[in-house]
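Take a look at the structure below.
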Ligand code: ADE
């Protein structure tokens, strides 16, 4: 069974968008994943098929109606038993480990919202997982769903070939949760800058040690949060066997 991406949106024409190109486009054509959009407007309420309304209690913008969100998601969850994701700046942070976890499953359902928010009663009743890309506000959930899908789909078995292996990259376990080391390719001389000798020297042990040092240095300077987690992991591992029982 190929990986299923269900997208509930008022703008189905946005998909597959960039996911129809390159690695993911080829995988889509090869049937490694498939996509189904569900037009939110088709679940709208009343004669005018309204999907949103003004916020109760006042305030800016519009709110996605709970009954509409529920009708759309119930329609999809009835045919697909998989996590329901609500992209939202209020969500838990998206991460490589979430991408890895989701890539092992049968697929994902995204509810994309273009409004100020979704009626909280829908969230209480259907309990989607609210996931955020970062501390900034997008105009809608569609681009966020695409970003998450791009990160997940490349980890779906068969999508990446050996050449594009995801094993030893930023945030990966093989890379100890560090940012990735620098990469080089031809030409040997770029505007007077050579590829470091250690990279082309052929000593694999030396190169591995150099890459590790580079990964540590870039992580320490750019991401103090990841660096602290790395140091904690190291000290936990070192202290683990010393702990006494009882
Ligand atoms: N929708 C609007 N802003 C978002 C964000 N930062 N992450 C995920 N979904 C969003």
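Points to keep in mind about this one:
- Among all residues of the stretch 96-109, there is none that is more than 25 Å from residue 2 (Cβ to Cβ) and either assigned by TED's automatic domain parsing to the domain that holds residue 174 or in contact (Cβ under 8 Å) with a residue 40 or more places away in the chain (or both).
- Residue match in the stretch 175-191 (condition: in a helix (DSSP H, G or I), surrounded by 11 or more Cβ atoms within 10 Å (Cβ to Cβ) and either within 16 Å of the ligand (Cβ to nearest atom) or in the same structural domain as residue 213 (by TED's automatic domain parsing) (or both)): yes
- Scanning the stretch 121-151 for residues that are out of contact with any helix residue (DSSP H, G or I) (no Cβ under 8 Å at 6 or more places or on another chain) and more than 10 Å from the ligand (Cβ to nearest atom) yields a total of 4.
- Going through (1) surrounded by 13 or more Cβ atoms within 10 Å (Cβ to Cβ); (2) at pLDDT 95 or above; (3) under 19 Å from the mean Cα position of the chain (by Cα) one by one, residue 217 falls short only on (3).
- Residue within the stretch 121-132 that is assigned by TED's automatic domain parsing to the domain that holds residue 53, surrounded by fewer than 18 Cβ atoms within 10 Å (Cβ to Cβ) and on the phi > 0 side of the Ramachandran plot present: yes
- Of all the listed residues (93, 87, 83), the sole one being surrounded by 15 or more Cβ atoms within 10 Å (Cβ to Cβ), closer than 28 Å to residue 172 by Cα and within 10 Å of the ligand (Cβ to nearest atom) is 87.
- The listed residues are 115, 110, and the only one of them that is surrounded by 15 or more Cβ atoms within 10 Å (Cβ to Cβ), at pLDDT below 95 and either within 15 Å of the ligand (Cβ to nearest atom) or assigned to a strand (DSSP E or B) (or both) turns out to be 115.
- Contacts under 9 angstrom Cβ, first residue in the stretch 168-184 being on the phi > 0 side of the Ramachandran plot and modelled with pLDDT under 95, partner part of a loop (DSSP other than H, G, I, E, B) and exposed (fewer than 13 other Cβ atoms within 10 Å of the Cβ), 6 or more apart: 171/95
- Residues within the stretch 133-167 that are part of a loop (DSSP other than H, G, I, E, B) and surrounded by 13 or more Cβ atoms within 10 Å (Cβ to Cβ), tallied: 9
The values are calculated or read from the model by the stated rules, or taken from the named source; none is laboratory data. The structure presented is a predicted model; accordingly, all values stated were derived computationally and were not measured. Neighbour counts run over all protein chains shown; Cβ positions are idealised from the backbone, glycine included.
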